[in-house]
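Asks: Before we start, here is the structure in question, set down as structure tokens.
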Amino acid sequence: MKTIILFCSILVLLTINPLKADIDSGLVAYYPFNGNTNDESGNNNHGINSGANLTSDINGISDKAYYFNGIDNNINIPDLEINDPENITLHALIFPERFNNESVLYYGEGGEMQIAIENNKVDVRIKLSNYVWYIASDPNPIEQRWYSIVGVWQKGNSLKLYVNGQLEKEISVPNLGIWSPVGYHSYIGDRHIIGSNPFKGKIDEVRTYSRALSQNDITQLFSLGASYCNLSVIPQGFYNSLANKLYKTDAIKVLIRQSISPFSIIDSSSALIDSTNFSGIYNFYQVPDGMYYIIAQHKNCIDTWSSTPVSIIRDSTINYKFTTSISQAYADNMIQVDNSPVRFGIFSGDINKNGFIDLDDLIPVNNDASSFTTGENITTDLNGDRIVDLTDVSICYNNASNFVAVIRP
Ligand SMILES: [Ca+2]
Ligand SMILES: [Ca+2]
Ligand SMILES: [Ca+2]
Ligand SMILES: [Ca+2]
């Protein structure tokens, strides 16, 4: 018996440890900000703090991240040497409060590479030996909330930017080494010219690597300490009951709300819903283990609450399908969109998002149909076929006739 237990323990160790080893391999410096600016990679690249204050982290735990005032705060790393750099990865968790000319993380010893925010967009940039900066910038604007940002440079290959675990931008780079300044220091929250690009907001979990992290590694980094939701939902109008799939994919936002009055919003996350299995993967960082309502939000649908509170636990995944049964929605507030297979959708037609589908929604749909409005992502295009016409009017009219509205606890 003892042998079996020992064998099982070894098996468990073998299966858990490789995961951890992956995201630690090639680590040059790691600042988890556990109450100080120490490098916990074992390489003694400790940071010197100039004015940044300890603050709460992504999980709301005090003194586990640093706040930078956007004027003169920074953390200086005097000797952050990445030897023989041909592959570099920079990572940080950030909560920006300002969106222009911010330097999140500046690697400046033996080269210049940076995570920055400029013109409302986060980017990773690198200066190569031809003195040219190469910049991979997120196409989407950044907002005032937590993000996981990863920049990966592979010499002669690519510069990639990952936001919240997803590859958002990739550019190709010439086969040149990184520009090598002498005597530059590295900084968290600014650049080597102090005060030139001070960051305003929170920074945490800073990591630098002497290797190019894979998508798999980056998914793991993004997942540390999060809880996940695999949610399936169908926006009524988008469903094609002949093809048994959506006309097009679209973004669904998920809100996590307290299970008791006043049902405060604890966290939210957006993802694209797959057009054939109707599911999206959501990560939540700010949700303590417990029971919560899950709310599906779409740009022109009725917000739909889960039938009951659902258990959410850190480092685990919950699966929730609004699509399989009408009773998955609070007060059965959905509509059947297919008989074969049986599927349910959230009501389409709340154009002004006030919680009711009525004449105030029908009028703009009707107006856009009269003027033959076409294009991507039009709010009045209820079935997502890029044209506003009678089909959209009839979806809205039917739901308005039935006085469809948000039903919630
Ligand atoms: Ca931390
Ligand atoms: Ca069907
Ligand atoms: Ca409305
Ligand atoms: Ca349409």
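The values are calculated or read from the model by the stated rules, or taken from the named source; none is laboratory data. Treat the numbers as computed from the prediction; the structure is a model and nothing was measured. Every residue, glycine among them, receives a Cβ derived from its backbone with ideal geometry; neighbour counts consider all protein chains shown.
Asks: Out of the stretch 321-375, which residues are in contact (Cβ under 8 Å) with a residue 24 or more places away in the chain and in a strand (DSSP E or B)?
Replies: Residues satisfying the conditions are 321, 329, 335, 337, 338, 339, 343, 344, 345, 346, 348, 356.
Asks: I've got another one for you. Could you list, in sequence order, all residues of the stretch 241-257 that are polar (S, T, N, Q) and modelled with pLDDT under 95?
Replies: 249 - this is the single residue of the stretch 241-257 that is polar (S, T, N, Q) and modelled with pLDDT under 95.
Results for (1) under 17 Å from the mean Cα position of the chain (by Cα); (2) assigned to a strand (DSSP E or B); (3) surrounded by 17 or more Cβ atoms within 10 Å (Cβ to Cβ), shown as yes or no for each residue.
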{"position": "260", "(1), (2), (3)": "no, no, no"}
{"position": "267", "(1), (2), (3)": "yes, yes, yes"}
{"position": "270", "(1), (2), (3)": "yes, yes, no"}
{"position": "276", "(1), (2), (3)": "no, no, no"}
{"position": "281", "(1), (2), (3)": "yes, yes, no"}
{"position": "305", "(1), (2), (3)": "no, yes, yes"}
{"position": "308", "(1), (2), (3)": "no, no, no"}
{"position": "311", "(1), (2), (3)": "no, yes, no"}
{"position": "315", "(1), (2), (3)": "yes, no, no"}
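Per-residue answers, yes or no, for (1) part of a loop (DSSP other than H, G, I, E, B); (2) at pLDDT below 95:
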{"position": "127", "(1), (2)": "no, no"}
{"position": "134", "(1), (2)": "no, no"}
{"position": "145", "(1), (2)": "yes, yes"}
{"position": "148", "(1), (2)": "no, yes"}
{"position": "151", "(1), (2)": "no, no"}
{"position": "156", "(1), (2)": "yes, no"}
{"position": "161", "(1), (2)": "no, no"}
{"position": "169", "(1), (2)": "no, no"}
{"position": "174", "(1), (2)": "yes, no"}
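Asks: Sticking with this one: Taking into account only those residues within the stretch 376-408 that are of a type in the set (A, V, I, L, M, F, W, C), within 26 Å of residue 330 (Cβ to Cβ) and not in a helix (DSSP H, G or I), which is farthest from ligand 1 (Cβ to nearest atom)?
Replies: Ranking the qualifying residues of the stretch 376-408, first place goes to 403.
Asks: Given the criteria farther than 20 Å from residue 272 by Cβ and within 16 Å of ligand 3 (Cβ to nearest atom), does residue 312 qualify?
Replies: Against the criterion (farther than 20 Å from residue 272 by Cβ and within 16 Å of ligand 3 (Cβ to nearest atom)), residue 312 does not qualify.
Asks: Same structure again: Only one of these conditions is not met by residue 281: (1) touching a helix residue (DSSP H, G or I) at 6+ places or on another chain (Cβ under 9 Å); (2) at pLDDT below 95. Which number is it?
Replies: Only one criterion is unmet by residue 281, namely (1).
Asks: Can you name the condition, by its number, that residue 378 falls short on among (1) within 13 Å of ligand 3 (Cβ to nearest atom); (2) out of contact with any helix residue (DSSP H, G or I) (no Cβ under 6 Å at 6 or more places or on another chain); (3) assigned by TED's automatic domain parsing to the domain that holds residue 301?
Replies: (1)
One line per residue, one yes/no per condition, for (1) assigned to a helix (DSSP H, G or I); (2) more than 16 Å from ligand 2 (Cβ to nearest atom); (3) farther than 19 Å from residue 109 by Cβ:
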position: 194; (1), (2), (3): no, yes, no
position: 197; (1), (2), (3): no, yes, no
position: 208; (1), (2), (3): no, yes, no
position: 221; (1), (2), (3): yes, yes, yes
position: 231; (1), (2), (3): no, yes, yes
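Asks: Right, here's the next one. Out of the stretch 327-386, which residues are of a type in the set (D, E, K, R) and either within 16 Å of ligand 2 (Cβ to nearest atom) or more than 20 Å from residue 243 (Cα to Cα) (or both)?
Replies: Correct list: 332, 338, 343, 350, 353, 358, 360, 361, 368, 376.
Asks: Let me ask you something else. Among the numbered conditions (1) touching an Asp or Glu at 6+ places or on another chain (Cβ under 8 Å); (2) at pLDDT below 95; (3) of a type outside the set (D, E, K, R), tell me where residue 60 comes up short.
Replies: Here residue 60 meets the rest and fails (1).
Asks: Quick check on my filter: what residues within the stretch 354-400 are buried (at least 16 other Cβ atoms within 10 Å of the Cβ) and within 17 Å of residue 252 (Cα to Cα)?
Replies: Hits for the stretch 354-400 are 378, 379, 380, 381, 382, 383, 384.
Asks: Of all residues in the stretch 89-112 being within 20 Å of residue 76 (Cβ to Cβ) and touching a Leu at 6+ places or on another chain (Cβ under 7 Å), which is modelled with the lowest pLDDT?
Replies: Per the stated criteria, the residue is 109.
Asks: Give the stretch 178-192 a look and list any residue that's among the small types (Gly, Ala, Ser), surrounded by 16 or more Cβ atoms within 10 Å (Cβ to Cβ) and part of a loop (DSSP other than H, G, I, E, B), or say none.
Replies: Result: 189, single match.
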